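Data block below; observations after.
Throughout, read-outs are computed from the coordinates displayed, never taken from laboratory work. Quick caveat: nothing in here was measured; it's all calculated off a predicted structure. Here the Cβ positions follow ideal geometry from the backbone for every residue, glycine too, while neighbour counts run over all protein chains shown.
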């Protein structure tokens, strides 16, 4: 798993239900240029006498935000973009030992998002390295192009099962935390609600994945205009064991996700920053920090297909 994949796993496990999906049917795609918030009514976020938001209020807000993220994920498949990763290995004192810089082009091939390495240390790949990436992409193209109806159906059923699990997870989030409306702030020049989340004493998870929630606290920023997740800052407040005690994520591990409005129709990641202190198999330690930035979002015609390395999608 890449560092970004690991961070995204933490986002899914601990990052406020906005990254899950709502129960029921997904929102219908809207006309190009329409605001994603146009058909939604802002929920009542008036705090109670104790200054906290009720579980019912948060369920209402998360239902809306999660449904919008469901649509974001679908619309994201209409975009190519660039992922620039700067990852630092740290010593025991937190000083940088080495830095790895990689740049990926994110493509969509027959419904599957694919990462193509295009540069190392900000230098374009050349020679055998570039050829290796081309061959990797071609193998994916050939596999998808020749996929049987049975294999396609199995793949789609697996994806739907994963989405169903995400929908269940939404309800666990609302029950796992006490929420406090901290106020409003500008994020990316737009006004957003600021909501703090602290683990709720006595929370009993129904899903095994939800047992991690009590180990994290954080803050989320919800864009008031579009009711979208604009920013999220999450920190581990205790050691988290992943899997069969194969890995431990230590207290102080932290990550932040920032999103941006693209093409007036979808909210997509702008930056993920992280600091991870972890140990795998109780032997190998990982002390890392870094930043992934996402840029150059370009929409392509969904009717166009990649059928070989020489063919390029038509751009809108």
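Flag: residue 227 matches the condition of being on the phi > 0 side of the Ramachandran plot and either surrounded by fewer than 15 Cβ atoms within 10 Å (Cβ to Cβ) or within 17 Å of the chain's Cα centre (by Cα) (or both).
In this structure, residue 111 does satisfy being closer than 30 Å to residue 172 by Cβ, surrounded by fewer than 18 Cβ atoms within 10 Å (Cβ to Cβ) and touching a helix residue (DSSP H, G or I) at 6+ places or on another chain (Cβ under 8 Å). Counting only residues that are part of a strand (DSSP E or B) and loosely packed, with under 15 Cβ neighbours inside 10 Å, region 90-108 holds 5 of them.
Only one entry in 83, 121 is surrounded by 14 or more Cβ atoms within 10 Å (Cβ to Cβ), in contact with a strand residue (DSSP E or B) (Cβ under 8 Å, 6 or more places away or on another chain) and closer than 26 Å to residue 286 by Cβ, namely 83. Taking region 251-275 as the range and being buried (at least 19 other Cβ atoms within 10 Å of the Cβ) and touching a helix residue (DSSP H, G or I) at 6+ places or on another chain (Cβ under 7 Å) as the test, the residues that pass are 255, 257, 265, 266, 267, 272, 274.
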